[in-house]
């Protein structure tokens, strides 16, 4: 993750500004053991290493507690993104804001590259002792510049440009959710994509939304 920080942190910051997150908001940062440097807020921190959060368990926090939630570079550990979104929806106040992302590409963790997280043997990849379970996708993303760049970088690993990305993800990831499934809970939902590292491709899908209650 470290070498990507200088590239992705400014994007997180810009997306937070676009959502209207201010230093007066009560913000929770999930998957963080220390204050995010790209936010001006003092956040309530939740992480497995802190002993106060397990991504696939019910969250104990009270509902309608936060003005904003950020959850970066951990959401792919969720077994079902829809259930994760429902948990965040419960914690956010009406018109609360959510910034969350999913990533694709094995980058530096593995010798055998895959867009998703499965070995060709069908065994699930692991990172930091957690199983990498999920991804999101949205109609139209295949035609975006960043996704096309990512897919071109993956050709050398045996992928092609013709197979729809959703088909690849359904083969290589346990649970894939279309962003449209979140819309009953979210309003003004946007997904931005960013492609990094041609030699070890990564694709970030950064979702920003306002809670509908």
Open item on the list: I'm checking my understanding of the structure. Among residues of region 158-167 that are assigned to a helix (DSSP H, G or I) and touching a helix residue (DSSP H, G or I) at 6+ places or on another chain (Cβ under 9 Å), which one is surrounded by the most Cβ atoms within 10 Å (Cβ to Cβ)?
Closed with: 165
Open item on the list: Need the failing condition index for residue 176 against (1) farther than 23 Å from residue 19 by Cβ; (2) at pLDDT 90 or above; (3) in a helix (DSSP H, G or I), just the number.
Closed with: (3)
TODO: Using the structure shown, decide if residue 58 is in a loop (DSSP other than H, G, I, E, B), touching a helix residue (DSSP H, G or I) at 6+ places or on another chain (Cβ under 9 Å) and loosely packed, with under 13 Cβ neighbours inside 10 Å.
DONE: yes
Open item on the list: If I filter region 90-106 for residues that are at pLDDT below 90, surrounded by 15 or more Cβ atoms within 10 Å (Cβ to Cβ) and out of contact with any strand residue (DSSP E or B) (no Cβ under 8 Å at 6 or more places or on another chain), do I get at least one hit?
Closed with: yes
Task: Selection count where residues are at pLDDT below 95 and under 21 Å from residue 188 (Cα atoms), scope region 9-38 - done: 1
Open item on the list: Given the criterion surrounded by 13 or more Cβ atoms within 10 Å (Cβ to Cβ) and either at pLDDT below 95 or assigned to a strand (DSSP E or B) (or both), identify the matching residue among 148, 136.
Closed with: 136
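So that you can scan it fast, the table gives a plain yes or no per residue for (1) closer than 17 Å to residue 98 by Cα; (2) within 19 Å of the chain's Cα centre (by Cα):
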{"site": "144", "(1), (2)": "no, yes"}
{"site": "155", "(1), (2)": "no, no"}
{"site": "163", "(1), (2)": "no, no"}
{"site": "176", "(1), (2)": "no, yes"}
{"site": "191", "(1), (2)": "yes, yes"}
{"site": "195", "(1), (2)": "no, yes"}
Open item on the list: All but one of (1) more than 21 Å from residue 87 (Cα to Cα); (2) without any contact (Cβ under 8 Å) to a residue 40 or more places away in the chain; (3) within 17 Å of the chain's Cα centre (by Cα) hold for residue 17; state the number of the condition that does not hold.
Closed with: (3)
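The values are calculated or read from the model by the stated rules, or taken from the named source; none is laboratory data. Treat the numbers as computed from the prediction; the structure is a model and nothing was measured. For neighbour counting, all protein chains shown are included, and Cβ atoms are generated from backbone atoms with ideal geometry for every residue, glycine included.
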